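S.K.: Here you go, one structure.
The values are calculated or read from the model by the stated rules, or taken from the named source; none is laboratory data. Values in this document were obtained by computation on a predicted structure and should not be read as measured data. Please note: Cβ atoms are built from the backbone with ideal geometry, for glycine as well, and neighbour counts cover all protein chains shown.
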Amino acid sequence: MRLVILGGSGSGKSTQAQHLGSHLEIPLVATGDVLRAAIASNSELGQLAQPFIERGELVPDELMIEFVRSRLKEADVGRGWILEGYPRTAFQAEELDFLLDHLGQKLNWAIYLQVPEAVMVSRSLGRSLPDDQPEIVQRRIELFYDRTIPILEYYDRRRRLLTINGDQSPDMVLEKIISLVG
């Protein structure tokens with residue numbers, strides 16, 4: 001099973017991706033966690049990504065695509081994977097499809113966790129991550145509406161989009177996702 005989890009900041013993407021990975025016994029590829037770890041370890045990727053993350057902006061496509069390309073070639077993802085935090089633009093979604101074609105893989109579903117903006121803000125501000133400051137959260141939500149919404153159209157046209165009401169208990173959201181992905 002190969003899944004992409006989509007949603008705004010605070011929509012529950014990380015929570016659902018972790019639970020789904022455990023349930024389906026496939027690895028979670030969470031780009032936000034990887035980027036934070038890269039920054040903390042002062043790696044080359046971290047140094048390149050840090051200025052964008054500090055401003056609440058998206059890391060440039062070239063950096064993200066290269067990271068995902070190398071990650072999806074690793075042995076542990078042979079049976080499937082869940083991508084969380086990528087793609088975030090329609091261009092990245094297309095690049096992911098090209099990459100998957102090249103790797104002989106196919107995306108099963110893009111799962112969109114739909115929650116109201118007010119819920120995204122309150123959930124994000126309730127976390128204790130260093131990049132969850134009010135102005136950064138607001139910027140990420142603006143970017144989500146500007147850049148991520150076209151991804152929903154992209155996957156919808158390819159009949160790969162599942163939209164889930166993310167404004168309910170995590171267990172109910174997980175149950176709904178599992179019932180739809182099989």
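S.K.: Here are the criteria: (1) over 17 Å from the mean Cα position of the chain (by Cα); (2) in a helix (DSSP H, G or I); (3) not β-branched (Val, Ile, Thr). Tell me which single one Ser128 does not satisfy.
M.R.: (2)
S.K.: Where in the stretch 1-68 are the helices (runs of 4 or more DSSP H), entirely inside, with at least 2 residues that are hydroxyl-bearing (Ser, Thr, Tyr)?
M.R.: Fully inside the stretch 1-68 and qualifying: 13-24.
S.K.: Continuing with this model, one more query. For the stretch 94-125, what are the residues that are over 21 Å from Ile164 (Cβ atoms), not in a loop (DSSP other than H, G, I, E, B) and not charged (D, E, K, R)?
M.R.: Phe98, Leu99, Leu100, His102, Leu103, Leu125
S.K.: Please find, among Leu48, Leu28, the residue that is over 30 Å from Glu175 (Cα atoms), modelled with pLDDT of 90 or more and not polar (S, T, N, Q).
M.R.: Every option except Leu48 fails the conditions.
S.K.: Another question, then. Please go through the stretch 8-34 and give me each residue that is of a type outside the set (Ser, Thr, Tyr), touching a helix residue (DSSP H, G or I) at 6+ places or on another chain (Cβ under 6 Å) and surrounded by fewer than 23 Cβ atoms within 10 Å (Cβ to Cβ), ordered by number.
M.R.: Selection gives His19, Pro27, Leu28.
S.K.: Regarding Gln138, is this residue closer than 29 Å to Ala37 by Cβ and either free of Cβ contacts under 8 Å to residues at least 60 places away in the same chain or not hydrophobic (A, V, I, L, M, F, W, C) (or both)?
M.R.: Judged against the criteria, Gln138 is a match.
S.K.: Can you tell me how many residues in the stretch 70-93 are part of a helix (DSSP H, G or I) and under 15 Å from the mean Cα position of the chain (by Cα)?
M.R.: Here the count works out to 5.
S.K.: What is the one condition in (1) more than 29 Å from Pro170 (Cβ to Cβ); (2) of a type in the set (Asp, Glu); (3) surrounded by fewer than 18 Cβ atoms within 10 Å (Cβ to Cβ) that Glu95 does not satisfy?
M.R.: (3)
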